[in-house]
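The structure appears right after this line, and notes come after that.
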Amino acid sequence: RQIRFTNLPEQCTIRIFSLTGEVVNIIDHNDSESGNAWWDMRTINNQEIAPGLYIYHVQSPSDIGGDPFIGKFAVIR
């Protein structure tokens with residue numbers, strides 16, 4: 001069980017939030033060869049996430065002061 005984030009810039013931070021605004025996990029992507037980052041669908045506390053809707057926020061160092069990318073995904077079991 002993994003989610004793949006694609007078309008990422010070379011350096012960025014992906015923050016994953018629940019609908020209540022709680023930070024579920026933070027992924028630091030730093031790979032000049034691949035625009036992909038994988039997430040094992042576990043929280044910061046290493047627990048499996050619950051089914052539901054999640055928001056993700058991708059920001060690269062060059063985006064500071066600019067617009068980050070924000071998206072959503074659903075987990076269904």
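Within the accessible surface of the chain, defined with a 1.4 Å probe on protein heavy atoms only, the carbon and sulfur portion equals 46 percent. Working note: Cα gyration tensor of the range 1-42, eigenvalues times five, square-rooted, sorted largest first, giving semi-axes of 20, 11, 7 Å. Using a cutoff of 8 angstrom between alpha carbon atoms and counting only pairs six or more residues apart, the relative contact order for the chain works out to 32 percent. Length gained on full extension, Ser18 to Arg77, computed as 0.36 nm times the residue gap minus the Cα-Cα distance: 19.6 nm.
The residues of the range 2-51 have, on average, 66 Å² of accessible surface per residue, using a 1.4 Å probe with all protein chains present. Return the loop-located GluC sites (Glu not before Pro) in the chain (DSSP other than H, G, I, E, B) with at most 14 other Cβ atoms within 10 Å of their own Cβ; answer none if there are none. Here the GluC sites (Glu not before Pro) that fit, given the DSSP loop and packing criteria, are Glu10, Glu22, Glu33. Taking amide H as placed 1.01 Å from N in the peptide plane, Asp31 has no amide H partner under 5 Å among residues 5 or more places away or on another chain. The phi torsions of the range 4-10, fed into the Karplus equation with coefficients 6.51, -1.76 and 1.60 and a -60° offset, translate into couplings of 10, 9, 10, 6, 7, x, 4 Hz, rounded to whole numbers, with Gly and Pro shown as x. Across the chain, Cα-Cα pairs farther apart than 20 Å form 29% of the total. Remark: the range 72-77, residue by residue, has Karplus-estimated 3J(HN,Hα) of 9, 8, 10, 10, 10, 10 Hz, where x stands for each Gly or Pro and the curve is 6.51 cos²θ - 1.76 cosθ + 1.60 at θ = phi - 60°.
The values are calculated or read from the model by the stated rules, or taken from the named source; none is laboratory data. Everything numeric in this text was worked out from a predicted model, so none of it was measured. Heads up, the Cβs are rebuilt from the backbone with ideal geometry, glycines too, and the neighbour counts pull from every protein chain shown. To get the accessible areas, we keep the full protein, side chains included, count just its heavy atoms, and leave off ligands, DNA and RNA. Shrake-Rupley method; radii C 1.70, N 1.55, O 1.52, S 1.80 Å.
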